[in-house]
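Below: one structure, written as structure tokens.
Rule-based calculations on the coordinates, nothing more; no lab input. In this text, all values refer to a predicted model and were calculated from it rather than measured experimentally. Here the Cβ positions follow ideal geometry from the backbone for every residue, glycine too, while neighbour counts run over all protein chains shown.
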Amino acid sequence: MGRVSDKVAIVSGAGSGIGRATALLLAEEGARLVVADVAEDSGEATVEQIRALGGEAIFVRTDVTQDADCANLVAAALARYERLDIAFNNAGIVGYPLLTAEYGTANWQRVIDVNLTGVFNCMTHEIPAMKQTGGGSIVNTASIMGLLGAVGGSAYCAAKHGVIGLTKAASLEYGRNGIRVNAVCPGYVETPMTVGDDSIFPSRKLQDGIGRAAIRRMATPAEVGEMVVWLSSDRASYITGASFPVDGGVTAG
Ligand SMILES: NC(=O)c1ccc[n+]([C@@H]2O[C@H](COP(=O)([O-])OP(=O)(O)OC[C@H]3O[C@@H](n4cnc5c(N)ncnc54)[C@H](O)[C@@H]3O)[C@@H](O)[C@H]2O)c1
């Protein structure tokens, strides 16, 4: 018996990194998955990996900045599985390494659209679906940058602080409907977002971040996924409105 047996779970940004690892863990723990990503090939690859484990999954191409896509995502989950129990709203982009005055409105808007409005768009459709069957668990991906500031991170920090505020507000609104809403705040996690393109995520910044972690290394995506699985399970039945660092101790100092 898995920790989320037979529950139906949507994971956005499930084509890569934290989203993929979490989708695989949820499937291992018995959930039936709806894999959402704007990138079709990588989303389909996640579905294949889940099926190879003996799990059940469908892919729904979703750009979380588009409300109609998010409506379609939840409709597809209901059409296939007739319920929605778990949502991990995780799709995100890293933003641009620019100072605030140089950021520019277009860059700012893009980061806010994906990282904050994308979570809102998903939640607006997930909540009514969960209400139909007496509740569920929503976990949103914030970041340690939702708790701290960072040089060259104004839009990303603003979006992630916003995710934590949105999480708190929705938890107060829907607790009475049996819906718990929490956030995870990863630290430095080894994914394509952080490793690979020095112009987007400078390795100097990464080394500095690892140096600030009590556990002197990056997290694996699955180490974040473990927290998400627990929050999504009935074992976290009294936890709502909370934001959990999974950061190796970065925010402890
Ligand atoms: N990697 C880290 O160190 C770290 C730290 C803190 C928070 N986070 C957050 O974790 C989440 C996942 O990041 P990751 O490191 O796994 O990155 P990743 O780049 O490996 O994965 C992100 C996924 O989101 C998808 N995506 C991007 N824009 C989308 C859109 N508009 N609609 C739907 N899907 C979209 C991408 O296609 C990709 O599959 C993000 O919200 C990120 O901000 C990451």
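Specify the angular offset, from 0 to 90 degrees and rounded to the nearest 10, of the alpha carbon long axis of helix 17-28 from the longest principal axis of the alpha carbons in the chain.
30
If one takes the longest principal axis of the Cα atoms in the chain, at what angle in degrees, from 0 to 90 and to the nearest 10, does the Cα axis of helix 118-132 lie?
That helix lies at roughly 20 degrees to the long axis.
Give me the percent relative contact order of the range 15-151, please, defined on Cα pairs under 8 angstrom at least 6 residues apart. The partial results should precede the final answer.
Numbers: 170 pairs, mean separation 31.0, N = 137.
Reported relative contact order: 23 percent.
Pull up all non-local amide H partners of Ala183: gap of 5 or more, or a different chain, and H-to-H distance under 5 Å with H placed in the peptide plane.
So Ala183 has HN proximity to Asn140, Ala242, Ser243, Phe244.
Could you quote the convex hull projected area for the chain, Cα atoms only and averaged over all directions, in nm²?
12.7
What is the dipole size for the range 10-106, taken about its Cα centre, with +1 at each Lys and Arg Cβ and -1 at each Asp and Glu Cβ, in debye to the nearest 20?
Working: 6 positive and 14 negative charges, 34 e Å.
Using Cβ point charges on Lys, Arg, Asp and Glu, the range 10-106 gives about 160 debye.
What Kirkwood Rh does the range 100-155 have if only Cα atoms enter the pairwise 1/r average? Answer in Å. Could the numbers behind the result be given before it?
Working: mean 1/r = 0.0750 Å⁻¹.
Result for the range 100-155, one decimal place: 13.3 Å.
Over the Cα atoms of the range 1-147, Rg to Rh with Kirkwood Rh, two decimal places? Before the final figure, lay out the partial values.
On the way: Rg = 15.4 Å, Rh = 15.4 Å.
Result for the range 1-147 is an Rg/Rh of 1.00.
Take Arg110, project a point 7 Å from its Cα along the Cβ direction, then tell me which residues of the range 83-98 have their backbone nitrogen under 19 Å from it.
Only 91-98 fall inside the zone, counting backbone N under 19 Å.
Taking the chain as a Gaussian network, Cα atoms linked when under 10 Å apart, which of Thr194, Thr167, Thr62 shows the biggest mean-square fluctuation?
Among Thr194, Thr167, Thr62, the largest GNM mean-square fluctuation belongs to Thr194.
So what is the 222 nm mean residue ellipticity for the chain from helices alone, if each DSSP H run of at least 4 adds -39500 (n - 2.57) and you divide by all residues, rounding to the nearest 500 deg cm²/dmol? Display every interim value, and only then the final one.
Numbers: 9 runs with 110 residues, N = 253.
The helix-only estimate for the chain comes to -13500 deg cm²/dmol at 222 nm.
Calculate, for Ala169 and Leu148, the FRET efficiency according to 1/(1 + (r/R0)^6) with r their C-beta to C-beta distance and R0 25 Å; round to the nearest 0.05.
Working: r = 21 Å, r/R0 = 0.84.
The value I calculate is 0.75.
If you build a Gaussian network model of the chain, linking Cα atoms that sit under 10 Å apart, which residue out of Glu29, Glu82, Glu226 swings the most?
Glu82
I want to verify the translational diffusion coefficient of the range 1-67 in µm²/s; compute it with Stokes-Einstein, Rh as the Kirkwood radius over Cα pairs, at 25 °C and 0.890 mPa s. Can you show the working numbers first?
On the way: Rh = 11.3 Å.
Reported coefficient: 216 µm²/s.
If you take the charge dipole of the range 89-196 about its Cα centre, with +1 on Lys and Arg Cβ and -1 on Asp and Glu Cβ, which of Gly165, Asn177, Thr105 is farthest toward its positive end?
Farthest along the dipole direction, towards plus: Asn177.
Full-extension gain between Met1 and Leu53, please, as 0.36 nm times their residue separation minus the C-alpha to C-alpha distance. Mind dumping the intermediate values first?
On the way: separation 52, 0.36 × 52 = 18.72 nm, distance 1.54 nm.
Gain on extension, Met1 to Leu53, equals 17.2 nm.
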